[in-house]
Structure formats: structure tokens, C-alpha cells
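All of the numbers you see were taken from the coordinates with simple rules; none came from a lab. Remember, it's a predicted structure, so these values are computed and weren't measured experimentally. All Cβ positions, even for glycine, are placed from backbone atoms using ideal geometry, and neighbour counts span all protein chains on display.
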Amino acid sequence: MQENGTVEKRNGQMDPVNSLRTPARVVLLAINAKYVHSSLSVWVIAAGISKHSRFPYEVNVVEATINQANDNIVGKIAAFEPDVVGISTYIWNARKLPGLIKSLREALPKALFVLGGPEASHNSEYWLDNGADYVLPSEGEYGFPLFLDGLSGGLFSSLPGTDPVDPYTPAYFNALSGRIAYLETSRGCPFRCAFCLSGGSGVSFYPLADVKEQIIKLSRSGTKTIKLVDRTFNCNRDRAYELFEYIIGLDTECCFHFEVAADLFDESTLALLGSAPPGRIQLEAGLQSFYKPALIASCRQSDLAAAEENLRILIQNKNIHVHVDLIAGLPYETLNEFRRGFNRAFALKAHTLQLGFLKLIHGSALRGQAEGLGISYCTEAPYEITRSPWLSADDLRILKHVENALMHTYNKNRFLSALDYVLSVSGHDPFSLFLALGETAPNNGTQLDAYAWQIFKVFSELMGVDWSVLMDTMTCDWLAMTKGRNLPHFLKNPDKRRKQAAIIAQERLAHTVTRDGTAVLLSGEFVFVDSNDRDPVTGLYRLLFLHLQQL
């Protein structure tokens, strides 16, 4: 450990001062979960090196995914012949990295491997034993250039001033290539949730003028979605209002995604958000639980009543996509308590209801308390709970079934009217309905038409469900979801009047209506989809109806 506590290195390793060529070659590596994701951290560090280092460096960024073959990633990095490879570590890439680092060492025996990010920062001993030469727990845009200068013949000294850097260079935009872009307008969180790493150090807010300039750059980059990584974007109400107002006033087709505390919204901000163009803003609100003992044990501060009321207002406005999170496995919350909370959250009718599972991540307070609380969890990333005094392994399997059905139907805007219909007549609550579907017809890569048939079989056998009404609702859902593409065989009605109806629909809409975008319902109505009218909030297409007597 260096004097300033910012660097940890392998035992017995020589300090390679003056060993780097000039200019030294540096590769910054990000391993993303999916191709559509991009990494902000490596570009922030690259900008930090450019701004804060005292020596020249040749810096290149490599972005890959967890699904790429190691040989492919190694080849991309080796092509730059780096002296130093910096790697960002997170729970989504932690399993891949030890093997990848081993392959990199074989290809680049003289290179130094430096790890940072939450996984390495809070578990440095493991990573130093699994291929890392150094671990940098500090903020990378300040600590990494300081570290490189030390390797290049300087001395490890105090960190540079923490003025923000601008990662949005021409190289960044060239690499972005339309993927999801990420933006940080503040760092830290005022709260101290025991399952999280972000709280406890206060919040640093970046200058609003700089933030607005970066928003403009990103909105013109060709990306469709800009996600703000601020842990609680609206913890400062006035600042949040100003940025919401600025984004709402932009001339752009971009969608901006924010993580917020729903209970912190005031009336003026709710009114402002109600004026946003449909699809401009997405809000993700982490309710986590409705069970107060679980929230208290997790140090989670939230006014649940205010959060519910504010979310209802936001959802009823129909211009903002609202995402609500729950965490299963928090201390003291049993399966029955979680079920009650799930149904309460579902009643909000958010566009997405994410059922997540407690992860005991390195550095979190709950990980340190897990043994005393009797919580067991997987020792490999993402360190998910396996049992506790309040949730058995069987309970967690039940919750996994619910999650599977929820994820492949409701959260993908699939068969929403069918779900509403079945819930209204079957006597099932949302939790038990998703459980019945998840247990009987789990989706593990099932093709959509085959999955639709499985859903129909499960739902049609429930008490009170009329199979003909169910078929009609699923037909309408399919048209709205897919514009009628490849309507499943069991939903097709070979009524000869479809051709005539399609002609009428085409005249009304003044654009082409294909036969695939039409259907004759068992109720005696004709339905067709307007392929030019897609809801920017839900992503569903508008349906129009004709009585067959009109044909």
C-alpha cells in the first residue's frame, strides 16, 4: 500500500519506476454486459490522463462484451502493444476477468495489469492473487494519471484537484456508434442503503454549464438513449428541476433515463415532468420493498406513501416511461410479505416492474452483516442470496418463477390486455398469476409464437377465463406488439372478409395496411394495426377496430 492509500500491488513485486517507454502505451479495457451498452468509466479515465498527467501517454480504449471470446479481446488489445492495461471491474464482468487476464498475460508478458472499479476496489486481495499487478481504489480519472506518472519516473503524491473532465471526445463518439450513452452529472449519494456502495461520502455536483454542454453533445451523437448514472438524480430538487426543464426544452429525439427517489418529487417538478414530450424521459424508481422492517434493516430512507402517490401521478400522465424496482431477499421480509409488496407495486401500473434479488456485493454493509444475520449467498459474482432465515431456497425458486414470467410478458409489453383480462376474471392476484405462468411455462429462450401458445394454454385453463375472449385479447396484443408480424397459427382466423377490411383500413389511414396487420376477432370485430403510429412511451402500435357489419 502506498502512503496515500491509493495503490495496492502484488506482494514482492518490484516497483517498475523508469521502466516505461516514452510515450508509454496504455490500453483501457471495458467489458460490457451487452453490445448495446457502452462504457463511460474508461473514457472518463482517458480524459483524466490527458488532463492531469505530467508525462505523455499513448492511450487507446477497447470496449468488449462478456459474450466475446477471450482470444478476440486479447487480439484487439495486443494490437496496441501496451505497456499498461487498465481494466474496469464490475459484478457483470467479474467471472470473465480472471481467465481473460491470464490469456492477456500470456500474450503480453511484459505488460502491467492495473484494475479499478467497485469489484477490485473492495476485493483487492483476490484480484492481486488473480492476475492484477496493481489495484487502484481511488477515482480513476485522478488516481490513474497519478499512478502512471509514478511508473514513468515521478513520485506517487497527492491526488490532483477533483475538477471534472470531459470524456466526450471525437474518439468517444466514433466508438459510441449509436449505442446507449451514459452521463454523470453528480457523484455519490446522500443515502446509506446497506446493499449499495454509492452512499456515505456525500454528493459532488458537476457545474451545470458543463453538464448542459455535454447533454447537447450526446443528443447530437446519433444515440437514441442517454442514461444518467447519478445514483439519486433528484436528491437536489432545484438542480434536478433545472436539468429536467433543460432536457424537456431540447429539440431532440433522444430519450433520457434517470434514477430517482420518487418520494422526493414536489408539486412543481411533477407538473414540469407532466409537460415533457412523450418518450423524452424515463424514470427508474427504486422502491425496493414495502415492508418497513426490511427497509429499516437496510438503512433505506423512503416515504412510501409519498412515493406511491407521486408514481401514480407520473404514470397517469402517460408521457413518461416509469420503471419500478423491488429487491427480494432483504432482511426480515418473508415470502408472504414480499408477495404483498409485489401486488402493491404492480397496482401502480408502472411500465416496468423489476423483481431483483439481493446481491451481497463487496464493500456493502449487508455483506459484512450477512453471517450475523444468517444470510447465505453465492461466493461468485453477482453474489446473489441463496437462503436466509426469512426466505428458504424453495421460496427463492418460487420468486424466480415469478421473475421469469414477469420479465417475458409484462416487462416486455407483451400480452398486457390478456394479463388484465385474466386478472379481472380468474381470482388470481398478480403474484400468483405470474407464479402459475412461470412454473408451468418458463421461458428459457422460447420463440415468441411458441411462448404465446404456452401462455394461452395456461391462462385458458384458469377458472373464470373464457377462451374466446382470451384469444381475442391475445390477438390484439400481438398486433400491437409486432405490427402483426408472423401471427401465431392458433390466433389466425381465415375469414375471407380480411381482404375487404384491409382495403377499408388502408383508405382510413392513407397508407398501406398489409394482411398480416389485420385480424378478424371471434367477437365479430375486425382489428388492424396502424404501423405508422407507435406509442413512444410503451412502444406499442395503435389498433383500430371495425364492426364486420361495416364491411
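Taking a quarter of the surface of the convex hull around the Cα atoms of the range 393-465, what do you get in nm²?
On the way: hull surface 18.3 nm².
So the mean shadow area of the Cα hull is 4.6 nm².
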Give the relative contact order (percent, whole number) for the range 98-212; include only Cα pairs under 8 Å separated by 6+ residues.
14
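Let me have the relative contact order for the range 471-550, percent, based on Cα pairs under 8 Å that are six or more residues apart.
Details: 118 pairs, mean separation 24.9, N = 80.
It comes to 31 percent, rounded to a whole number.
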Helices from the chain with mean Kyte-Doolittle at least 1.0 and a Cα length along the axis of 27 Å or more, per DSSP H: which?
none
For the chain, which cysteines have no disulfide-compatible partner, meaning no other cysteine Cβ under 4.7 Å?
189, 235, 254, 255, 299, 378, 476
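Pull out the extension gain between residue 238 and residue 171, defined as 0.36 nm times the separation in residues minus the alpha carbon to alpha carbon distance; nm, one decimal.
Details: separation 67, 0.36 × 67 = 24.12 nm, distance 3.37 nm.
Stretched fully, the residue 238-residue 171 segment lengthens by 20.7 nm.
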If I model a spin label at residue 163 and residue 392 as a point 7 Å from the Cα along the Cα→Cβ vector, what separation in nanometres do I get?
6.2
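So which of 292/359; 412/457; 34/102; 34/318 end up more than 27 Å apart by C-alpha? Write out the running numbers ahead of the final one.
Details: 292/359 19 Å; 412/457 20 Å; 34/102 22 Å; 34/318 29 Å.
Checking Cα-Cα distances, 34/318 exceed 27 Å.
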Length-normalised contact order for the chain - Cα pairs under 8 Å, 6+ apart - percent
9
Report, for the chain, the % of DSSP beta bridges that are antiparallel, rounded to 5.
30
Just round it to a whole percent: the fraction of Cα-Cα distances in the range 180-360 exceeding 21 Å.
49
Would you compute, from DSSP H runs of 4+ residues alone, the mean residue ellipticity of the chain at 222 nm, taking -39500 (n - 2.57) per run and dividing by the full residue count, rounded to the nearest 500?
-11500 deg cm²/dmol
